[in-house]
Amino acid sequence: MAILNIRIIGDPVLRTVADPVTEFGPELAKLVADMTETMEDVEGAGLAAPQVGVSLRVFTYRIGGVEGHIVNPVLENSEDFQPDQVEGCLSIPGLGFPVRRYRHTRVTGVDLQGNPVTVEGEDMLARCFQHETDHLDGILYTDRLEGEDRKAALRAIRNANYDAITEQTTTKRAKSVGTSFGGSSFGITP
Ligand code: ZN
């Protein structure tokens, strides 16, 4: 297994709609293993393949002791919302803003062998599924902000020196990233 380099906002792969997985061989197994190891290394609560530069519909998650991966996820969301919570993103280091998310999410997809899987959750798990699936559609959580939060986020992203952060991230990993999705910014221990 290997720890992968996490792509930072500005990288086009984060704005690309990812392709469905069609081959369930050793390469996919290695990708999922490496993504899981990378997510654990940075103490993230979720990681989508585009965040490691792979434009495929796969994400890994790790919330409250529930860990796994979903390939080709399809979401069914409740109509109602959960209370807003601050989200961060490994691809937008150092920022966190409250985001509106659906209360309950059911994810259907397949595992790395191509077997059907269904996972459902509320609160942080539902939030994670929505955040990670957005990545597969080229959407970042900052796109979902409104009003003053949106302005503040765009300003912070414009002013950020991500080249320096990327360098730090590479050398110091989690310590310098700070705001991993679902990490300390959520006030929970994944
Ligand atoms: Zn993210």
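The values are calculated or read from the model by the stated rules, or taken from the named source; none is laboratory data. Because the structure is predicted, anything quoted here is derived from the model rather than measured. Here the Cβ positions follow ideal geometry from the backbone for every residue, glycine too, while neighbour counts run over all protein chains shown. Areas reflect the complete protein model, heavy atoms only, side chains present, ligands, DNA and RNA absent. Shrake-Rupley method; radii C 1.70, N 1.55, O 1.52, S 1.80 Å.
Below is a table of values for the structure above.
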| read-out | value |
| --- | --- |
| Of residues in segment 89-115 being closer than 22 Å to L56 by Cα and in contact with a helix residue (DSSP H, G or I) (Cβ under 7 Å, 6 or more places away or on another chain), the one nearest to the ligand (Cβ to nearest atom) | C89 |
| Within segment 70-88, considering residues that are under 13 Å from F129 (Cα atoms) and crowded, with 24+ Cβ neighbours inside 10 Å, the one farthest from the ligand (Cβ to nearest atom) | I70 |
| Cβ-Cβ under 9 Å pairs, at least 6 apart or on other chains, segment 10-38 side under 15 Å from L136 (Cα atoms), far side open to solvent by 80 Å² or more (accessible area, probe 1.4 Å) and acidic (D, E) | none |
| Which numbered condition V66 fails, given (1) away from the ligand (no atom under 16 Å from the Cβ); (2) touching a Pro at 6+ places or on another chain (Cβ under 7 Å); (3) β-branched (V, I, T); (4) at pLDDT below 95 | (2) |
| Number of the exception - M39 against (1) modelled with pLDDT of 95 or more; (2) surrounded by 15 or more Cβ atoms within 10 Å (Cβ to Cβ); (3) not hydroxyl-bearing (S, T, Y) | (1) |
| Filter pass, I3 being in contact (Cβ under 8 Å) with a residue 12 or more places away in the chain, open to solvent by less than 40 Å² (accessible area, probe 1.4 Å) and farther than 18 Å from A126 by Cα | no |
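To keep it simple, each residue is scored yes or no on (1) open to solvent by 80 Å² or more (accessible area, probe 1.4 Å); (2) modelled with pLDDT under 95; (3) not in a helix (DSSP H, G or I).
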site: G109; (1), (2), (3): no, no, yes
site: L112; (1), (2), (3): no, no, yes
site: A126; (1), (2), (3): no, no, no
site: E132; (1), (2), (3): no, no, no
site: G138; (1), (2), (3): no, no, yes
site: D143; (1), (2), (3): no, no, no
site: R158; (1), (2), (3): yes, yes, no
site: S176; (1), (2), (3): no, yes, no
